[in-house]
């Protein structure tokens, strides 16, 4: 992901006020509450997010569009420090000067904040949910009751980025099968370029790469349904075979892959030193912000004919907007949330942020993103770890990342790795908890 800048607060007129790093309740005194503007009769709503990019998008385009249609409401967006966001948010939402609307990461994080009682269900607050995709809504639901607690922001898809020049110079096309994928990797390796880079020092990034490689081999949506029904678990032969794909790509990974950070992986691909990079949609914006000159495309990992699923686009819900229980302006906040649920915001946000839209009626201006969106609409498949395995401790994605790292170090096998991950999540994962799916 892109490097995080220092937190900013953006108001209606483009004023940028530097935010100090907050310590405990000091955050409430400086940036929390949605008090009325001192220079206007309009109600001022305070929105918190972990994303400086989202705050910039609101400043540049989105806030003005909303305020033009609702001149009695102003919007301020506070970008909190990403690595401390959930902690700051817990403190802020519990205080007497709570923000009005908050961005929350989907699935387990959202569900935990709903359980705390500091955000409220939106099923009846937002008047029209019909435009949202089912996967987007799944990420906005509380696990225990299936109620909606956020307006979905967007969808992240995960696929393989590839260097078009490297492929063209070697006479390679986009592979149509897994066997062709491995053959292409071998030809790239023989040419002197590293075929594949993965941020092998970061468990969550390893887990994502493993999901991109293995989702179709595991059985995609069919496996997901059986897993949630309690009919299969991660030690199923197809699941073990899916993890085994990470072992098959080991000869084609960059040297010392288990010490490669996310920033280093991005740099290796952006500078042409690695030809393929399994990662998420957000890299389109990352490469643009870096000014990378690389000519690249993307593809879903191809499936062999004997696999239980055809090729799919791995995807997961990427956060949502929630209503704070202690908002001083719940009616105006509801007005904002209904606007955030509409197509005008959907188009502005998806194109500003470079994300796959969570709802219909959105046209993506970036052709690379538009191509990803088309593939997602045709063959979506949930990122199992993000959607279901982060509701407890230890996290399934952390466990898988750690086990794949051991596979690459020669310390374990795919079968033992699958067993270790399943044993870890058995401490808390119960398929019946997801009966609302």
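Worth a mention:
- Elements of type helices (runs of 4 or more DSSP H) in segment 42-110, at least 2 residues being without any contact (Cβ under 8 Å) to a residue 40 or more places away in the chain and more than 14 Å from residue 324 (Cβ to Cβ): 85-94
- Single residue of 216, 201, 176, 241 found to be out of contact with any strand residue (DSSP E or B) (no Cβ under 7 Å at 6 or more places or on another chain), assigned to a loop (DSSP other than H, G, I, E, B) and closer than 25 Å to residue 412 by Cα: 201
- Against the test of being surrounded by 21 or more Cβ atoms within 10 Å (Cβ to Cβ), in the same structural domain as residue 324 (by TED's automatic domain parsing) and modelled with pLDDT under 95, the options 92, 34 yield a single qualifying residue, 34.
- Selection from segment 245-261 of residues that are surrounded by fewer than 17 Cβ atoms within 10 Å (Cβ to Cβ) and either under 24 Å from the mean Cα position of the chain (by Cα) or free of Cβ contacts under 8 Å to residues at least 60 places away in the same chain (or both): 256, 258, 259, 261
- Scope segment 285-298; condition surrounded by fewer than 18 Cβ atoms within 10 Å (Cβ to Cβ) and in contact with a strand residue (DSSP E or B) (Cβ under 9 Å, 6 or more places away or on another chain); matching residues: 294, 295, 297
- Of all the numbered requirements in (1) assigned to a helix (DSSP H, G or I); (2) within 19 Å of the chain's Cα centre (by Cα); (3) more than 24 Å from residue 351 (Cα to Cα), residue 143 misses one, and that requirement is (1).
- Residue check, residue 373 at pLDDT 95 or above, over 21 Å from residue 238 (Cα atoms) and buried (at least 20 other Cβ atoms within 10 Å of the Cβ): yes
- Complete set of residues in segment 409-437 that are surrounded by fewer than 20 Cβ atoms within 10 Å (Cβ to Cβ) and in a helix (DSSP H, G or I): 415, 416, 419, 420, 422, 423, 431, 432, 433, 434
- Considering the conditions (1) out of contact with any helix residue (DSSP H, G or I) (no Cβ under 8 Å at 6 or more places or on another chain); (2) closer than 29 Å to residue 289 by Cα; (3) part of a loop (DSSP other than H, G, I, E, B), residue 393 is excluded by exactly one of them, (2).
- Restricting segment 319-346 to residues that are assigned to a helix (DSSP H, G or I) and closer than 20 Å to residue 155 by Cα, the residue that is nearest to the chain's Cα centre (by Cα) is 346.
- Test: residue in segment 347-358 that is modelled with pLDDT of 95 or more, surrounded by 18 or more Cβ atoms within 10 Å (Cβ to Cβ) and either part of a strand (DSSP E or B) or in the same structural domain as residue 117 (by TED's automatic domain parsing) (or both): yes
- Identification of strands (runs of 3 or more DSSP E) wholly contained in segment 265-318 with 1 or more residues that are more than 17 Å from residue 367 (Cα to Cα) yields 274-280, 313-317.
The values are calculated or read from the model by the stated rules, or taken from the named source; none is laboratory data. As the structure is a prediction and not an experimental result, all values here were calculated from the model. All Cβ positions, glycine included, derive from the backbone under ideal geometry; neighbour counts span all protein chains shown.
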